[in-house]
Amino acid sequence: GEEAAGLYDTCSRTDPALTAAAFGLARCRLAAGDRAGAVAALARVPDSAAQAGEARLAAVRALTGGQPAEADLRRAADLLAALARDDVARHEAEATLALEAARQVEAGSLSANGAPLLGVAVSSRAMRQRAEAALRACARLSGGDGARIAFVDRANQVRPRTLV
């Protein structure tokens, strides 16, 4: 609870090299419903740390979970753009972000007239295409037939509907 968060906070501020403390604080903040606090805790992980990429990816997950605001989606997209990784975790986070944006556009809570997101126009179709591409990248990078098939199935489910 809050006592653990306080201890993690103290450790993380005292020695930023103790990256486990930043991750612990982020988990406590998320459990308390404090998305911004979790992201701030993960930002304490220095870029030079071995876990920096995992911290940025965890921040993306925190920003895209639940009912994210448009600002959260945009911040998550910026964090993803700065991640120089080509792995399943990164592409899966991108698919989650794109699908959440598509869901919000379809629900009318995210304007399709805004600035691009993930490098494409904010529309249901473009976001679904981006999610499909990310899931196909996951399939390409996954380490087994079962996982590959599951990612392809997910990609086929999220692709925008086409009329032939």
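The values are calculated or read from the model by the stated rules, or taken from the named source; none is laboratory data. What you are looking at is a predicted structure, and each value in this text was computed from that prediction instead of being measured. Don't worry about glycine lacking a Cβ; one is built from the backbone with ideal geometry, like all the others, and counts go over all protein chains shown.
Details
- Residues of segment 149-159 that turn out to be buried (at least 16 other Cβ atoms within 10 Å of the Cβ), of a type outside the set (A, V, I, L, M) and assigned to a helix (DSSP H, G or I), as a count: 2
- Test for A95: is it small (G, A, S) and part of a helix (DSSP H, G or I): yes
- The single condition from (1) touching a Leu at 6+ places or on another chain (Cβ under 9 Å); (2) crowded, with 21+ Cβ neighbours inside 10 Å that D87 fails is (2).
- Note on segment 135-147: among residues that are modelled with pLDDT under 95 and assigned to a helix (DSSP H, G or I), the one that is surrounded by the most Cβ atoms within 10 Å (Cβ to Cβ) is A147.
- In segment 107-156, the residues that are among the acidic types (D, E) and over 20 Å from the mean Cα position of the chain (by Cα): D145, D153
Matching residues to (1) touching a Ser or Thr at 6+ places or on another chain (Cβ under 7 Å); (2) assigned to a loop (DSSP other than H, G, I, E, B); (3) within 15 Å of R61 (Cα to Cα); (4) among the acidic types (D, E):
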| position | (1), (2), (3), (4) |
| --- | --- |
| R90 | no, no, yes, no |
| Q104 | no, no, no, no |
| G114 | no, yes, no, no |
| R125 | no, no, no, no |
| A133 | no, no, no, no |
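Table: residues versus (1) more than 30 Å from A126 (Cα to Cα); (2) of a type outside the set (A, V, I, L, M); (3) at pLDDT 95 or above.
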| site | (1), (2), (3) |
| --- | --- |
| Y8 | yes, yes, no |
| A31 | yes, no, no |
| A58 | no, no, yes |
| G65 | no, yes, no |
| A81 | no, no, no |
| L99 | no, no, yes |
